[in-house]
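**Student:** Provided herewith is a single structure, encoded as structure tokens, for subsequent inquiry.
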Amino acid sequence: MTEPAVQAPSWRIVVGVTGGIAAYKAVSVIRSLVLLGHHVDVIATESALRFVGAPTLEAISRNPIRTDLYENVDTVQHVSIGQSADVIAVVPATANTIAKLAAGMADDLLTNSILASRSPVVVAPAMHTEMWQHPATQANASRLDERGVTLVGPDSGRLTGNDEGPGRLAETDEIVNAILAAARRGVRERQDAERARDLVGQDILVTAGGTREPIDPVRFLGNRSSGRQGVAVAARAAERGAEVTLVAANIEVQPPENVNVIRVSSAQQMANACAELAPRHSMIVMAAAVADFRPEHEQAGKIKKESTGDDLTLTFVKNPDILRSLVEVRSQDQLIVGFAAETEEDEAARLDLARAKIARKGCDYLVLNRVGWNHGFGREETEIQILNLAGEVVSEAVGDKLSVADVILDLANLDVANRD
Ligand code: C5P
């Protein structure tokens, strides 16, 4: 089974190497990060270079090694390296460097870079057991932890001499995973800060959930949409400052508190609500799964098997295509985003379906996701591609439904800003 190839993000990672015997193990951490496609800048302390050579670190990181605070002073690198990093990791971190970080000292390029940066910091201590267990080191490590620094290890085990105990550098994979998790969190926090309130002044109409088409008073024709993605779009749009109206059809999750919620059940009800509300909105995001057909007649009473015999035939009639009708009557400056949930496994075939769909619907963007028993519906994680009216993939995202919602809103907001 081929999964759509959504590229993992590539981050700017600063790895600080300090002077302990475990410095040689930093090489495999750096190598793993580089092989995963990240940009790695190494800052080595003078004493680190007594344990591992600059040529090794340069070859493995594929970048020049920096050590000297007084080198390239014109580029203010003691500030710039840390500030442009998505994460700073110290591997290994000696008791001395941990003490300096805890005290906020800045007497070399590494500690200067960390102090000048607001990126997440990951520290992997390695030292002799006595040094690690010394109350001074323990207090310094606790201060870092309280300040939000991620401490990885140390592990317990064989140390450099014949001694054993806590103080061994954590395993490479554990350190790499902690660095990537911190980078992900840091990037997310930075994007959140940048996005804060960027949708003030927008009125956004969002549909969510799955319609139910009544067969009789107790039965309906429905679908497996939980409404999570539409609710996530509504929630993030409101957090980013928009006035949001959510037309919710049978959603399985709580709607956000700060949005105006209109409850509907059938496609016809959703069509009526949208037709009335749409003209007052600058953006429309149609995330609901709308039934294409409904039973021609809703039976007044419950259908009884005793009265139908062995077969039951129901006639279905077509529902209005809400999205297309909103596109037909919209004003020029209204932006409309549709959704396409496709079960097609082959990515190229799925994209072809999406291209045909956006051409039919005429909306500005179409968010394509793959659904099926193990994909899409009801799950927290999702994977999307966004096509424009020309059928080009203009954005893609993988992650939880809130972060995917942000990507959709980023694109819509950029488009609206470019129209002004
Ligand atoms: O036509 P299809 O259901 O594949 O298209 C999906 C998109 O169209 C979604 O954005 C959905 O909300 C919208 N839609 C609609 N009215 C329908 C069917 C789908 O607005 N009757």
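**Student:** Among bridges DSSP assigns within segment 180-329, what percent are antiparallel (round to 5)?
**Tutor:** In segment 180-329, approximately 25 percent of DSSP beta bridges are antiparallel ones.
**Student:** Roughly how many whole Å is it from the C-alpha centroid of segment 268-302 to that of segment 178-219?
**Tutor:** Between the Cα centres of segment 268-302 and segment 178-219 lies a distance of 21 Å.
**Student:** Something else now. Provide the percentage of antiparallel DSSP beta bridges, counting only those with both residues in the chain; round to the nearest 5.
**Tutor:** Here the share of antiparallel DSSP bridges comes out near 35 percent.
**Student:** Tell me, Kirkwood radius of segment 314-411 from alpha-carbon pair distances, in Å?
**Tutor:** Roughly 14.3 Å, rounded to one decimal.
**Student:** Which value in Å does the Kirkwood hydrodynamic radius of segment 197-419 take, with 1/r averaged over all unlike C-alpha pairs and then inverted?
**Tutor:** 18.0
**Student:** Roll a 1.4 Å probe over the protein heavy atoms and report the accessible area of W132 in Å², nearest 10.
**Tutor:** Using a 1.4 Å probe on the heavy atoms, I get roughly 40 Å².
**Student:** Where does the chain land at 222 nm, in deg cm²/dmol rounded to the nearest 500, when only DSSP H runs of n ≥ 4 count, each adding -39500 (n - 2.57), divided by all residues?
**Tutor:** That calculation yields -11000 deg cm²/dmol at 222 nm.
**Student:** Summarise the accessible area of the chain (1.4 Å probe, protein heavy atoms) by the percent that is carbon and sulfur.
**Tutor:** Here it works out to 49 percent.
**Student:** Counting pairs of alpha carbon atoms under 8 Å apart in space and at least six apart in sequence, what relative contact order in percent does the chain give?
**Tutor:** For the chain, the relative contact order is 11 percent.
**Student:** Using r as the Cβ-Cβ distance of S10 and D311, and R0 as 60 Å, what FRET efficiency do you calculate, to the nearest 0.05?
**Tutor:** 0.55
**Student:** Which part of segment 295-329 falls in the paramagnetic zone of E344, meaning amide N under 20 Å from the point 7 Å along Cα-to-beta-carbon?
**Tutor:** Backbone N within reach: 324.
**Student:** Tell me the net charge near D163. Cut-off is 15 Å between Cβ atoms, D163 excluded, with +1 for each Lys or Arg and -1 for each Asp or Glu.
**Tutor:** -1
**Student:** At 1.4 Å probe size, with every protein chain present, just tell me what the per residue accessible area of segment 197-419 comes to in Å².
**Tutor:** About 49 Å² of surface per residue is accessible.
**Student:** I've got another one for you. For the chain, just the Cα set please: Rg and Dmax, both in angstrom.
**Tutor:** That works out to 28.0, 92 Å for Rg and Dmax.
**Student:** Helix by helix, which DSSP H runs in the chain go 24 Å or more along their axis at the Cα atoms and have an average Kyte-Doolittle hydropathy of 0.5 or more?
**Tutor:** 401-419
**Student:** Okay, moving on. What's the FRET efficiency of T160 with A99 using the Cβ-Cβ distance as r and R₀ = 22 Å, to the nearest 0.05?
**Tutor:** 0.60
The values are calculated or read from the model by the stated rules, or taken from the named source; none is laboratory data. These figures come from a predicted structure and were not determined experimentally. Quick reminder, even Gly has a Cβ in these numbers, built from the backbone with ideal geometry, and neighbours come from all protein chains shown. Heavy atoms of the whole protein, side chains included, go into the accessibility calculation; ligands, DNA and RNA do not. Shrake-Rupley method; radii C 1.70, N 1.55, O 1.52, S 1.80 Å.
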